[in-house]
Amino acid sequence: MITVAQAVVRCLEAEGVSVIFGYPGAAICPVYDALSVSSIHHVLVREEQNAAHAASGFARISGKPGVCIATSGPGALNLITGIATAYADSIPMVIITGQVSTELLGRDVFQEADITGAAEPFVKHSYLVKEPERIAGVMKEAFYIASTGRPGPVLIDIPVDVQRVKIEFDYSFDVSVRGYKPTLAGHQGQVKRMLAALKAAQKPLICAGGGIFSCHAQKELRGFAEYCKIPVVTTMMGLGAIETEHPLNFGMLGMHGQRTANMAVHEADLLILIGARVGDRAVTTPGVLEKRTKIVHIDVDPAEIGKNVDVQIPIVGDAKVILTQLMEKAEPMDHVNWLNELDKYKKPAVYQQTPDKINPKEFIHTLSERAEADTVFVADVGQNQIWSAANCVLRNGRFLTSGGMGTMGYSVPAAVGAKLASPHQPVIVTCGDGSFQMEMMELATICQEKLDIKIVVMKNNRLGMVRELQKNDYAGNYTAVFLDGGPDFGKLAAAYGIPSLSISRPQEVDGALERLLSQTGPFLLECMVDPEESSL
Amino acid sequence: MKQTVSILVENHAGVLSRVSGLFSRRGFNIDSLAVGVTDDSSVSRITIVVDGDDYMLEQVEKQLNKLIDVIKLRTLPQDEIISRELMLIKVTAKSDARGDIMDIAKIMGAKISDITTSTMTVEIADTAERLQTMLDLLAPYGVKEVVRTGTIALQRGGESITVQK
C-alpha cells in the first residue's frame, strides 16, 4: 500500500517524466514529500505561471508532455495564463494541483479555488480526484489525452486528504477512453481527391502550421514538398518546419508575415493547410481566400476544419501519417513556372540603416546566422516577436513563441524548460524590456539550475507594439506605454551573478555577439533599440 | 433554424457544466436543454435544442465531440423525431372557470394535477408547439406559474444511438 501522493510520483516515473516545474504549498505537500525521494528533478520556479510556461517549453523540445505542479487557490490560479497559452498552441501538458480537503470543498476555506471550473475553457480535459483508487487511471488517461490527437493541457486537481490515503497501486493496464478516439490515418478517398486536385493545380502551395511539430513531421513535410516541388509558407507556429533558406520556403504568412509568403497565398490556386488552424493573424480575410482558392485542410482536430475557412477537401488525421500516405501515391512534379514566379518576389532582406542606431531586425538576422545551426530561439511577445519571427534564420533549430495567446513573459521560463529538455542545444531568448520585466524573477531559476541560457533584451523603454498601435490607430496618443521606471538590466543581472553587456551602436553588435555566443553559462545582452522602429 | 441534438455523456459530476460552458463560450444559442440518466447508469443523455444555421450546427457537433466526456452525439433529423416536453401550468380557476379549463385539458390530452379553491394545475406532455398552444389557451384565465422540462427526443423507426460496451 502506498499513498495517493506516492502513487502520483510513481505514475510520473512510469510515464518517463524526468523534470517537473513547480511551486509548493500546503495543499500539495504530500506530493512534494513523495517527490523528494524520486529521481524526478523538480525545478522551483519563482512564480507559478512560469512553471506552466517552462513545462510548455520542455514539451515543445522534448516532444513529451511537460509537467507542472502547484498548490491550491492562488498557486493553481497563477497557472491559468500558462495553461491557456499552452492550450492555444496545442502543447501537451499535465498539470497537477493540490486542492483543499474533500470535506471542506465548496466552503470557501483558505486557499480554495475551483480550479477545474476556472481552467475549463483552457484545458483539453480535467479531473478533480475525489476517489483515491482512481488516481492511477486518471494519471494514465491524462498523459494519453494530453499527448495524442491534438495535444493540449490536462489538469488533475487532488484534494490534500486524498493525497494521504493509502491505496493498492497498479499501473499495468491499458488506457481506453470511450469518448476519445483520435483519427490518425487520413481517409483514402480524401487523399485521392487531394492528389487529383494537386495534379490539376498550376500553383499549389503548402501552408505548414504548428501541427507539423506536434507530430514530428518535419522530415515528411520536406520530403513531400521536395518530391512534388510545392512551395511552402508557414504560420508563426510553423516557423522552422522547413529551414528558412530552403529554396521551397517562401516565409511566414499573415498580418505580420512576409510579402513573399502573402503573395504566394494570394496567387495560389490550391492551398494545402497542414496542421494550421487559419488563425486571424495568419489569414486576415478567410472569406476572400476561400472564394479564390481551392483549399485542402489536413488537421488532426476535425473541429478546426471548416471553422475559420471553407474547405473543399478536408482530411482528418495525423499530419505525419497523412504525408506518408500522400508520398506513397504521389507522382513527382515540377512547378517550374510557379516557382520562378515566386522566386521573383523573394528578395534578400535590406535593413534600413540609421546612424548610431541598432536595427533590431538586422540584429536578429545576424544573431541567428551566427548562432549554432541547432539553436532554440525563444521569442517573447510584442515587437520583439515580430522582429524575431521575420528575421530569424532557422536551420535545424527551433523557434518557440506564444503564437495563439500572445502571452508576454513567455520567453524566459519557456527557455528554462527548453534547455532542460535538451541541454546540448544552445538556447537564446529574445524579448523586449516590457516582456522581460514580466519574467525577470526567473533569472533566479536560471542561476539555481545553472542553465546556459542567453538572453537578449531589446530595450526601447517602451511597450513598442502598443505604442505602434497608438501611433497608427489612435493619432499618436501615447498612453501607458512608457517603461522609464525600469531597472538597469546589467546591474540586475549582476545581482544574480549573471554577466551582461549593454550595446546601443551598430559597431558594437559584432563584439557583443562574439561574447554572447562564446560565453559559457548564462548571459544577458541589453540591446538599445530605436523607439521609432516599427514591427514590420 | 431549430435543431435537436442528442448527446450521450459520461454520467459524472461536472459534465453538464462542460457542455453548457461550451455553448456560452462559443456563442451557441440553446433553446432548451434536458438531461437524465439512461438505461446504462454510467451514461446520461442530454437533449439540446439549438437555434442556428448549418455552420453553427456543424461547430456545435464538432466542439461537443471534442469534449472527452461526450461519448456520442447525433443531430436528429427534424422530420423524423418524436419529441416531448413536460409542462406544469398553475392557472387561476375560480369555480366558474373550472369546467372550461377541464374541457381544454381534455381536448389537449392534458391532466389536472392539482386543484384549490382558486387555482388549477394542469400537466401536459407534448411537443414544444403544442405546449405553446396550451399556454395560449390558458392565458385568458390568468397563468400564475409555468415550469417546463425542456424537450427530450428520440428518432422514429428502428435506429438508435447507443454506446458500445
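The values are calculated or read from the model by the stated rules, or taken from the named source; none is laboratory data. Not measured: the values here are computed from a predicted model. In this analysis, Cβ positions are derived from the backbone assuming ideal geometry, glycine residues included, and neighbour counts consider all displayed protein chains. Surface areas here come from the heavy atoms of the whole protein model, side chains and all, with no ligands, DNA or RNA. Shrake-Rupley method; radii C 1.70, N 1.55, O 1.52, S 1.80 Å.
Summary table
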quantity	calculated
Long-range neighbours under 6 Å by Cβ, at least six apart or interchain, first residue more than 16 Å from A:LEU270 (Cα to Cα) within the stretch A:280-295, second of a type in the set (Gly, Ala, Ser)	A:ARG281/A:GLY254; A:ALA282/A:GLY254
Counted residues, the stretch B:62-84 - those being within 14 Å of chain A (Cβ to nearest Cβ), part of a helix (DSSP H, G or I) and open to solvent by 60 Å² or more (accessible area, probe 1.4 Å)	2
Selection status of A:GLU362, open to solvent by 20 Å² or more (accessible area, probe 1.4 Å), more than 24 Å from A:LYS229 (Cα to Cα), acidic (Asp, Glu) and in contact with a Phe, Trp or Tyr (Cβ under 7 Å, 6 or more places away or on another chain)	yes
Leading residue by the ranking (farthest from the other protein chains (Cβ to nearest Cβ)) among those in the stretch A:139-172 that are open to solvent by 20 Å² or more (accessible area, probe 1.4 Å), of a type in the set (Phe, Trp, Tyr) and under 32 Å from the mean Cα position of the chain (by Cα)	A:TYR171
Subset of the stretch B:10-39 (residues that are over 17 Å from the mean Cα position of the chain (by Cα) and either within 11 Å of chain A (Cβ to nearest Cβ) or part of a strand (DSSP E or B) (or both))	B:GLU10, B:HIS12, B:ALA13, B:GLY14, B:VAL15, B:SER17, B:ARG18, B:GLY21, B:LEU22, B:SER24, B:ARG25, B:ARG26
Residues that are part of a loop (DSSP other than H, G, I, E, B), open to solvent by less than 60 Å² (accessible area, probe 1.4 Å) and free of Cβ contacts under 8 Å to residues at least 24 places away in the same chain, drawn from the stretch A:173-196	A:GLY179
Residue within the stretch B:43-58 that is in a loop (DSSP other than H, G, I, E, B), within 20 Å of B:GLU159 (Cβ to Cβ) and either away from chain A (no Cβ under 14 Å) or open to solvent by 70 Å² or more (accessible area, probe 1.4 Å) (or both) present	no
Residue count for the stretch A:99-138, restricted to those that are in contact with a strand residue (DSSP E or B) (Cβ under 9 Å, 6 or more places away or on another chain), without any contact (Cβ under 8 Å) to a residue 40 or more places away in the chain and more than 14 Å from every other protein chain (Cβ to nearest Cβ)	2
Set A:ALA493, A:ALA444, A:ALA512, A:ALA480: member being surrounded by 21 or more Cβ atoms within 10 Å (Cβ to Cβ) and farther than 17 Å from A:PHE377 by Cα	A:ALA493
Tally of residues being modelled with pLDDT under 95, touching a Ser or Thr at 6+ places or on another chain (Cβ under 9 Å) and surrounded by fewer than 18 Cβ atoms within 10 Å (Cβ to Cβ) across the stretch A:268-301	1
Any hit, the stretch A:411-434, residues being crowded, with 24+ Cβ neighbours inside 10 Å and either over 19 Å from the mean Cα position of the chain (by Cα) or modelled with pLDDT under 95 (or both)	yes
Close pairs (6 angstrom Cβ cut-off, 6 or more residues apart or separate chains): closer than 14 Å to B:LEU131 by Cβ in the stretch B:105-121, assigned to a loop (DSSP other than H, G, I, E, B) and of a type outside the set (A, V, I, L, M, F, W, C) anywhere	none
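Residue-by-condition table, conditions (1) open to solvent by 70 Å² or more (accessible area, probe 1.4 Å); (2) more than 27 Å from B:THR47 (Cβ to Cβ):
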residue: B:ALA97; (1), (2): no, yes
residue: B:THR119; (1), (2): no, yes
residue: B:VAL122; (1), (2): no, no
residue: B:ASP136; (1), (2): yes, no
residue: B:TYR141; (1), (2): no, yes
residue: B:GLU159; (1), (2): yes, no
